[in-house]
Amino acid sequence: MGPGCANCPVLKTSLFHSLTPEQIQRVGCVFRPARYRRNQILFFEGGSAQHLFALHTGLVKMVKSLENGKDRITGVLFPGELFGLESLTDLAYPITAVALRDCEICAAPREDFATYLLTNPDLAIGMVRFLVGELERVRTQVTDMSFKDARMKVATFLLSLLSHDTPETSGNLSLTLPLSRQEISEVLELSPETVSRTLSAFRREQLVAARGRQLVIQNRASLEAVAHR
């Protein structure tokens, strides 16, 4: 087990949290740590799917190529998340992964991880549960995009960041937006102008205070009410 494994957010997830010290040691032999610079590509759409990844620190964005030649951000990954799981079944990655910030990421060759699952049936069952959870998360995301209006979408996005970056200042919750207004608009399927207008409305209503990408949630309860209205 590497020096950073003891506090690894990935090992605290539902998939790994019940592992014994011996099993964790074996996971550490499968996953190998590496550092990635901001804007570095971890894997690209159509590239050979050889590894799956565990995000230790930093942020990663997922990007999909569209038929018109443009790229679309489909999501943002935070510490503790697994990605590149397509490598377990597919020959090529269906999406591109790019480091949004300097990152520490562990990678496991798909053959080694598959062997680990075969020799650890409890974890294999946990992986099935994890993948079912991912399917439910995607269904929820599709529902959010289909039925929520702009205010609900932006409020939901801001609240999704709180579990990952929530230092409290004088009773308020502070966070740094990981994406630009343009990028947020891509994720939420809104125009950049709509995102900016919505954030401005939240500021006038004293739900949030913002300066650049620095944001303070001033009234979490009211923001949650907007997200679920």
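No lab work stands behind these numbers, since they all come straight from the coordinates. What you see is a predicted model, and the numbers here were worked out from it, not measured in a lab. Note: ideal-geometry Cβ built from the backbone for every residue, glycine included; neighbour counts use all protein chains shown.
For region 117-126, the Karplus equation 6.51 cos²θ - 1.76 cosθ + 1.60, evaluated at θ = phi - 60°, returns couplings of 5, 5, 9, 9, x, 4, 5, 4, 5, x Hz by residue, with Gly and Pro reported as x. Pairs of Cα atoms nearer than 8 Å and 6+ residues apart set the relative contact order; for region 148-227 it is 37 percent. Short-range pairs are left out: with C-alpha atoms under 8 Å and at least six residues apart, the relative contact order of region 1-116 is 37 percent. Residues Lys153, Lys70, arranged from fewest to most other Cβ atoms within 10 angstrom of their Cβ, appear as Lys70, Lys153. Database remark: amide H of Val208 closer than 5 angstrom to the amide H of Arg203, Gln218 (H placed geometrically; neighbours at sequence offset of 5 or more, or on other chains; Pro and chain starts carry no H). Compared with the alpha-carbon gap, the fully stretched path from Glu86 to Arg32 is longer by 17.6 nm at 0.36 nm per residue. Phi angles of region 211-219 translate, via the Karplus equation with coefficients 6.51, -1.76, 1.60 and θ = phi - 60°, into HN-Hα couplings of 9, x, 8, 7, 9, 10, 7, 8, 9 Hz per residue; Gly and Pro are given as x. When each of Leu158, Leu15, Leu88 is scored by the number of other beta-carbon atoms lying within 10 Å, the sequence from fewest to most is Leu88, Leu15, Leu158. Here the Karplus relation 6.51 cos²θ - 1.76 cosθ + 1.60, evaluated at θ = phi - 60°, turns the backbone of region 197-204 into coupling constants of 5, 5, 5, 5, 5, 5, 5, 4 Hz, with x for every Gly and Pro. Taking amide H as placed 1.01 Å from N in the peptide plane, the amide H of Gly47 sits under 5 Å from that of Tyr93, each at least 5 places away or on another chain.
Amide H contacts of Leu100 (H built 1.01 Å from N, in plane; Pro and chain starts excluded): Asn39, Leu59, Val60, Lys61 sit under 5 Å, all sequence-distant by 5 or more or on other chains. For the chain, adding -39500 (n - 2.57) for each run of n ≥ 4 DSSP H residues and dividing by the number of residues yields -12000 deg cm²/dmol at 222 nm. Across the chain, C-alpha contacts under 8 Å between residues 6 or more apart give a mean separation that, scaled by the residue count, equals a relative contact order of 19 percent. The stretch between Gln182 and Glu104 holds 25.5 nm of extra length on full extension. This uses 0.36 nm per residue minus the Cα-Cα distance.
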